[in-house]
Amino acid sequence: MTFSMALQGASSTFSFNSRWAYDVFLSFRGEDVRHNFLSHLYDALRRKGINTYIDNNLERGERISSALLKAIEGSRISIIILSKNYASSTWCLDELMKILECKETKQQMILPVFYKVDPSIVRKQKESYGEALSNYEHNLNDEMRVERWKAVLKEVSHLSGFHLEKDGNESELIHEIIHLVDSRIRNHTYLEVANYPTGMESRVQHIYSLLSIEKNDIVHMVGIFGVGGIGKTTIAKAVYNMISSKFEGSCFLKNIRETSKRERGMVQLQEKLLSDILGASRGCNIDLVDRGTNVIKDRLRSKRILLILDDVDEWGQLKVLARECDWFGLGSRIIITTRDQNLLTNHDVEARYELERFNHDEAFKLFSLCAFKRERPLENYVELTERIIGYAGGLPLALEVLGSDLHGRSLQEWESALDEYKRIPHEKIQKILRMSFDGLRESEKNIFLDIACFFKGFRKDYVIKILDSCGFCPNIGVKKLKDKCLITIDDYNHFGMHDLLQDMGREIVREESPREPGERSRLWFHEDIRHVLEENTNFQNLTKMELTGSKILTKVPDLSRTPNLKILCLSYCTNLVEVDASVGSLPMLVDLSFHGCCNLTNLPTSLELTSLQILDLAFTNIIELPPSFGNLSRLENLVLIGCKNLLHLPSGILRLQHLQHLGLGLTSSPDMSSEESSNSNIINFDCSSIDLPELRFLGLQHRHGLSNSDFLMRVMRRDGFSTLAVLRLSGSDIISLPENINKLVELTFLDLKNCKQLQQIPALPPNIMGVYAGGCMSLESFPDVSKKFQSTASHLRHLGWIDLSGCHKMNVDIGNFVENTILCEGYPKYLLGLIIFPGNKIPDWFSHTKQNSKNWTPDPLNDLKEFSERTSLDLIPSHCEINLNGLQNGKEIRVILLCAIFEPIPAIYHKDGVEVLDTVLKFQISSNGVELDCRDRDFAFVDLDGDHVWLEYIFLEYLKLENDNLQFTFSSYGRPVFFKSCGVHLVYKNEEKGKDHPGVLHEELDDDEPDENEDSLDLMDGTRLSKRPRRA
């Protein structure tokens, strides 16, 4: 059944108006039961409040009336009282046919009552039933009608119902019927979903597609996860309303998190599950949870049910309610809503849906409906409405709460309320969001609060290091916060968090001491910090303080009263000129940042920071570092980037046993025309004193004097840098790398971008993974490139990224790369390979190529749109696409090689002072419209001109290709490029199979058939397409 059909069948899914005119329709033979059993049953139904239709017309005609047909169609449940003479009435038999028809078409529930008649008599049509049917066969001239009666009698006899024997207790039977009917009605009454069902249909449709309702031979679990207030329960209710009538039984177990924490909470949930599905009279009292699990398995294993488990927060809850799919009958569906996606992973729920926040239009509509009872705000409220929508951040809960709170209020009240929301979050929103926080362990709470107060937008690896030094076990803690949708990590590895979650975290800290900021654990608000620093008291609880961007701070005052301070962030305090001596002796301080304090020239003379692990002095005006620097025995990260006046490092720095990151680079090379400028970016090292056994990163970007001082050669002769993994020399004046660089066996990334005097790279370390040499215009010799792309035994097995863009003196010949042993069995298959170099030709041995039209021009600058994640401009350039249709032996493909020729468009890199960021090259592989792989390649092309070759290879160990259609798309964003041509080459495990079935190129061609001897075709859009033969 399609989603549209399901939606039509449950038209009140979002509007909540019942589609049933009656709860119960009674079908009976009047002469048997009207004045006894029937009258008592009807009276009991009426007293229970169950809306029941009973036909009191004693005179019945030959055919059932249209009014009666309408009553049957409009009833939720039909109770059929099969008494001795039921079959003797054609009216009853026609009713029965209509009732069973509605069972199929309207999912009406049927409840047969065998009143002093054995079900086998009805099934086998004996005694009074047989006599009545036999009479019809002789007296009615309608054989087909009689056969249908026989069929429906047989069908109804197989349905589950009640049997009252001749000496049975009618009162007890009526009691059981009432309980079951009442349970079924309550269970199938539509749930209240939302006052304004904005944005629901698309989300419900997505979940409906995951449910695979049409498959009745499986039991399927689907998970819905997302942050609190995103609408998980609301959407689950809408889905329940839409499909619950399709199942034998259904149950919506709400608030499992809250209920499970009560006494006997899990037992109550088990009892409700059984009661809702089996009916109140057939449920059971459960004394132990363990017994309840077995009862659920035993009683429900043959029933096709719908079960919603709402707000699950522990795996133990799933364990006792729906541990395995085989607890339930085939065709059953279980929907789980949770804030913790890891819980779904642990329960092997593969089909899952993360509810997305409302987009602007959805948020605008929902808020307007709540605040104005219309879909658009009043004209003079539009600007404030936009501000509140921005504050709510697409969270439906916040939009509803704030809209209802502001309904009917004046503009001045709106302004005041918005200011208050930003200072102290709305209590209703805070309560819902805080549930996730309250369920965290203590270390996870600390990590969340630190990110909320200080580290939103920071790089993950930097924050992990700080949190680890605070003893918070951040690797597992961060993963749990992400699983619970409390934080996000973007493609650039930066922490993100919904603004309302951040406000919630900061409010938790504020509540530690609402009146006295000094008694809180964290301070970030400048006025609070100033208040604390001016008070003459101790602040034992304060562990973290941030004053980033303060313009009023000129001196860091005495902090000796904050003995537990672990993080002190004073970044971009541009008027800061002095640091009190007490800062140099804070015993618990782990992270100290003066990043961007451009007027700071000196640190305290005495540094006794025995716990300090991170010191950031980047872009300060520091002239010298104190000799006591050697006392920072636990220092791991020292950032001195952009310290252009720092000319000498004290010897103590070069003997720090735990130093892992040493950043000494500049952001750009100064004008070297004067002696003063020439000396300003030279760092003096005493190489004989280097002893850095844990150093992993060394940054010397834009430092000059490296070529004249033989600095690198002297450094690499020692063991002091033996652990180095990343070496950044971009923009330096180095002429040649020393041959002994291959001694750095741990080195994986080498950055040489824009080393304009670099002439040769004689050798590379054995474990190198990436070499970035773009813009090295003097580079002529790089032998390891040939070894990588031509040799049959390259020692650089891990090298997967080589950027030689703009290296026009380099003659790169990759040869017949397909014959290289890196594409053979036994080579590490987890690696990709990529190279960019000047050139204008796809290798001859590529089997499939395409030439793009020369008529393309880039979009005009006024089409540039803001590139949200990187605060730059994005221009939509050309792309190149190749289709391989009717692919044979797809499973035998081992490697795909991709190649594109592109030309940068330097003329529009800059416009009116706006700089477009790096070029990002992108390829995508799809099969029948479904994306299989998509990767971005970020390059910092500077003043790049001329054609370039982009060659990449991909092992297919993780892609399961079938014999199908493949599409390869080359594109880019950021700085624009024009793709002149592109190519694809497939390497098979058994190359002969590739020769037999290379794949078919397919494009929209001219109607005229091409000459079969042609090896290229002109396409209608100016594109040329060719298929080249493989080399033998």
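The values are calculated or read from the model by the stated rules, or taken from the named source; none is laboratory data. As the structure is a computational prediction, the values presented were derived from the model and not from experiment. Neighbour counts are summed over all protein chains in view; Cβ atoms, including those assigned to glycine, are modelled from backbone coordinates with ideal geometry. All accessible areas refer to the heavy atoms of the entire protein, side chains included, with ligands and DNA or RNA removed. Shrake-Rupley method; radii C 1.70, N 1.55, O 1.52, S 1.80 Å.
In the structure displayed, which of 460/644; 84/126; 126/150; 154/215 lie more than 20 Å apart, Cα to Cα?
With Cα atoms farther than 20 Å apart: 460/644; 154/215.
Have a look at 89, 119, 74 and report the one farthest towards the positive end of the charge dipole of the range 56-127, computed about the Cα centre with Cβ charges (Lys/Arg +1, Asp/Glu -1).
The one lying farthest along the dipole's positive direction is 119.
Just the accessible area for residue 551, please: 1.4 Å probe, Å², rounded to the nearest 10?
130
Given Cβ point charges of +1 (Lys, Arg) and -1 (Asp, Glu) and nothing else, what value in debye, to the nearest 20, does the dipole of the range 117-270 about its Cα centre take?
Roughly 1000 debye, rounded to the nearest 20.
At a 1.4 Å probe radius, which order do 922, 809 fall into by accessible area, largest first?
Greatest to least solvent exposure: 809, 922.
Assign one of three labels to the range 487-601, namely rounded, prolate or oblate, based on the Cα gyration tensor with a ≥ b ≥ c the square roots of its eigenvalues; rounded applies when a/c is under 1.5, prolate when it is not and a/b is larger than b/c, and oblate otherwise.
oblate
Order 841, 756, most accessible first, counting only protein heavy atoms with a 1.4 angstrom probe.
841, 756
If I take every Cα pair under 8 Å that is 6 or more residues apart in the range 240-383, average their sequence separation and divide by the length, what percent do I get for the relative contact order?
22 percent.
With +1 assigned to the C-beta of every Lys and Arg and -1 to the C-beta of every Asp and Glu, and no other charges, what is the dipole magnitude of the range 386-490 about the Cα centre in debye, to the nearest 20?
400
Pairs 297/484; 891/989; 103/166; 431/484: which exceed 21 Å Cα-Cα?
297/484; 103/166
To the nearest µm²/s, what D does Stokes-Einstein give for the range 341-416 at 10 °C and 1.306 mPa s, using the Kirkwood radius over alpha carbon pairs as Rh?
D, rounded to a whole number, is 117 µm²/s.
Using a 1.4 angstrom probe on the protein heavy atoms only, could you order 746, 131 from most to least accessible area?
131, 746
How large is the accessible surface per residue of the range 86-206, computed with a 1.4 Å probe and reported in Å² as a whole number?
Here the residues of the range 86-206 average 49 Å² of exposed surface.
List the relative contact order of the range 398-549 as a percent without decimals, with contacts defined as Cα pairs under 8 Å and 6+ residues apart.
20
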